[in-house]
Amino acid sequence: MDDNTSRERKTELRRQFRRVRAELSPSDRTVIDAAICERLSSTAEYQAARVVLCYVSFGAEVDTHPLIERAWADGKVVAAPRCVPGTRDMEWYRITSFDGLLRSAFGVQEPDPHTMPQLDADVAPSLVVVPGLTFDASGFRLGYGGGFYDVFLSTFHGAAVGLCREAQLSASLPDAGVIDAHDRRVDAVVTESRVLRH
């Protein structure tokens, strides 16, 4: 498949799953997302992690605020990502509250690198919580196109878990023609009703 075809399929799939996500009411999303966070907190990956690397959810993404609060309550170190301008790299900074986060050029809340301590993402044992518009049961994901998590996962040695509502699960992203050589799988996908491991 050529690059143009792959790009077109990714664009169409992103449009499709943004529509699916938008069709869920805020109240439904709240119930579903709480169940996802509860299920994740019972996984072996979460239980074993001393450090939880987690995005601060934005818009209609799976809400990670309850998960972050749970991790704080459980005595875990929590770090949030900052996308380094002009690169595809992410840096991780420890957060102990939601105060002091900055709105990035992408619209997401990120840690302030001037006031929050940077953290080595590979401090073991660690868990990274990965966002996506859709995942499949094999752990492949379609994100927003920035490539930040694929770059990060290529060298990360901890456990990687994707959060996905059942309504946003795909049958097979490789079969859909949207997975490239650089795309990285997560170790598990957590939905409101199950944990999918490959």
Exercise for the section: Inspect the range 128-143 for any residue being in a loop (DSSP other than H, G, I, E, B), under 15 Å from R7 (Cα atoms) and either among the acidic types (D, E) or modelled with pLDDT under 95 (or both) and give the result as yes or no. Expected result: yes
Practice task
Evaluate the following for L67: is it among the aliphatic types (A, V, I, L, M) and farther than 17 Å from A124 by Cβ?
Solution key: yes
Handout entry: Residues of the range 1-44 satisfying the condition of being more than 28 Å from L127 (Cα to Cα) and in contact with a Ser or Thr (Cβ under 8 Å, 6 or more places away or on another chain)
Key = none
Problem - Long-range neighbours under 8 Å by Cβ, at least six apart or interchain, first residue within 10 Å of D63 (Cβ to Cβ) and among the acidic types (D, E) within the range 19-36, second part of a helix (DSSP H, G or I) and modelled with pLDDT of 95 or more - result: D33/P66
Completion exercise
Going through the range 180-192 in order, the residues found to be open to solvent by 10 Å² or more (accessible area, probe 1.4 Å), in contact (Cβ under 8 Å) with a residue 60 or more places away in the chain and within 14 Å of the chain's Cα centre (by Cα) are D187
Practice task
Look through the range 153-179, keep the residues that are assigned to a loop (DSSP other than H, G, I, E, B) and open to solvent by 50 Å² or more (accessible area, probe 1.4 Å), and return whichever of them is farthest from R9 (Cα to Cα).
Solution key: H157
Problem - Long-range neighbours under 8 Å by Cβ, at least six apart or interchain, first residue on the phi > 0 side of the Ramachandran plot within the range 134-148, second aliphatic (A, V, I, L, M) and assigned to a loop (DSSP other than H, G, I, E, B) - result: G139/V186
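The values are calculated or read from the model by the stated rules, or taken from the named source; none is laboratory data. Everything quoted here is computed from the prediction, not taken from an experiment. Because the Cβ atoms are built from the backbone with ideal geometry, glycine has one as well, and the counts that use them run over all protein chains shown. Ligands, DNA and RNA are stripped out before the accessible areas are found, and what is left, the full protein with its side chains, is counted by its heavy atoms. Shrake-Rupley method; radii C 1.70, N 1.55, O 1.52, S 1.80 Å.
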